[in-house]
Amino acid sequence: MQYPDGVVICNKCSLNGVSTQERADSIAIEMRSALASVGLKLNSTQTPVKLCGRDELNDASHHDFHENHPILGVTRTTTTHQKGRILARNFDCILIQINLPEEHFRTVMIHELTHAWFFYNYYENLPLKVEEGMCVLMEYIWLRNLDSKDAEFRRKQIELSTDPIYGDGFREARESLKHMPLTSLLEFIREKKKFPGRWSSFFF
């Protein structure tokens, strides 16, 4: 099935596509809870989600390295600076591709909620590979708890990705998690703006 914005989804997957705002809002609440279960609590912060088409996602994206795969989600925030100082910060919303199959939608949702967590916890100026790598790691952790062929397929996609930002970033994040718990890894990233090596994690 090809939708007006050019997105093509097989007929089987389109049967459980997230196509209403009500369903998107319900899933967002569930995925906030899933993220909180591993320690990334958003508490009373606002993370509204908006379903949209491919053109709006492309216009909202801050990146220019998406030639090889479509943009499915964007976290839209604004930060106003003056003379190096932050004057205002605002979380607008999370944009997600409409009509995605529900399991895929949930995976994108938890990725974007991780971006929201970084924003609300004042992780400023993180390198793209670090922030995107951690967001993909949260996807992967969630997918490990699912027993479905789709989840297994998405885990393999993540593991084998050759993308220098998302793929390499994920592998560095996963390797770092072998050396320190998630809470310590997040603190290291906040302070050092990079992933720890084996020895730096030992002395942190």
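The values are calculated or read from the model by the stated rules, or taken from the named source; none is laboratory data. Note that this is a predicted model, so its numbers are computed, not measured. Don't worry about glycine lacking a Cβ; one is built from the backbone with ideal geometry, like all the others, and counts go over all protein chains shown. These area figures cover heavy atoms from the full protein model, side chains too; ligands, DNA and RNA do not enter into them. Shrake-Rupley method; radii C 1.70, N 1.55, O 1.52, S 1.80 Å.
For the stretch 70-92, does any single residue satisfy the condition of being in a helix (DSSP H, G or I) and among the basic types (Lys, Arg)?
Kept after step one, since they are in a helix (DSSP H, G or I), are these residues of the stretch 70-92: none.
No, the stretch 70-92 contains no residue that is in a helix (DSSP H, G or I) and among the basic types (Lys, Arg).
Mind listing whichever residues of the stretch 137-179 are of a type outside the set (D, E, K, R) and touching a His at 6+ places or on another chain (Cβ under 7 Å)?
Of all residues in the stretch 137-179, those of a type outside the set (D, E, K, R) come to 137-138, 140-143, 145-146, 148, 151, 153, 157-158, 160-162, 164-167, 169-170, 173, 176-177, 179.
Correct list: Met138 only.
This table checks each residue for (1) among the small types (Gly, Ala, Ser); (2) in contact (Cβ under 8 Å) with a residue 12 or more places away in the chain; (3) in contact with an Asp or Glu (Cβ under 9 Å, 6 or more places away or on another chain).
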position	(1), (2), (3)
Glu131	no, yes, no
Cys135	no, yes, yes
Asn145	no, no, no
Lys156	no, no, no
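If you take the residues of the stretch 149-176 that are over 15 Å from the mean Cα position of the chain (by Cα) and small (Gly, Ala, Ser), which of them is nearest to Ser200 (Cα to Cα)?
Ser176
Within the stretch 155-175, does at least one residue satisfy the condition of being open to solvent by less than 60 Å² (accessible area, probe 1.4 Å), among the polar types (S, T, N, Q) and closer than 25 Å to Pro101 by Cα?
Among the residues of the stretch 155-175, at least one is open to solvent by less than 60 Å² (accessible area, probe 1.4 Å), among the polar types (S, T, N, Q) and closer than 25 Å to Pro101 by Cα, which makes the answer yes.
Could you check the stretch 1-40 and list, in sequence order, the residues that are hydrophobic (A, V, I, L, M, F, W, C) and either in contact with a Lys or Arg (Cβ under 9 Å, 6 or more places away or on another chain) or open to solvent by less than 40 Å² (accessible area, probe 1.4 Å) (or both)? Explain how you work it out, then say what you get.
Here is the first cut: in the stretch 1-40, the residues hydrophobic (A, V, I, L, M, F, W, C) are 1, 7-10, 13, 15, 18, 24, 27-29, 31, 34-36, 38, 40.
Passing the criteria: Val7, Ile9, Val18, Ala24, Ile27, Ala28, Met31, Ala34, Leu35, Ala36, Leu40.
Before we move on, is Arg54 of a type in the set (Lys, Arg), open to solvent by 30 Å² or more (accessible area, probe 1.4 Å) and closer than 22 Å to Tyr166 by Cβ?
Values: of a type in the set (Lys, Arg): yes; open to solvent by 30 Å² or more (accessible area, probe 1.4 Å): yes; closer than 22 Å to Tyr166 by Cβ: yes.
When the stated conditions are applied, Arg54 passes them.
How many of the residues in the stretch 86-121 are in contact (Cβ under 8 Å) with a residue 24 or more places away in the chain, of a type in the set (Phe, Trp, Tyr) and in contact with a helix residue (DSSP H, G or I) (Cβ under 9 Å, 6 or more places away or on another chain)?
The qualifying residues number 3.
Spot the failing condition for Leu128; the list is (1) within 14 Å of the chain's Cα centre (by Cα); (2) surrounded by 15 or more Cβ atoms within 10 Å (Cβ to Cβ), and only one is missed.
It fails just one condition, (2).
Do we find a residue being on the phi < 0 side of the Ramachandran plot, at pLDDT 95 or above and of a type in the set (A, V, I, L, M, F, W, C) anywhere in the stretch 37-47?
Scanning the stretch 37-47, I find at least one residue that is on the phi < 0 side of the Ramachandran plot, at pLDDT 95 or above and of a type in the set (A, V, I, L, M, F, W, C), so the answer is yes.
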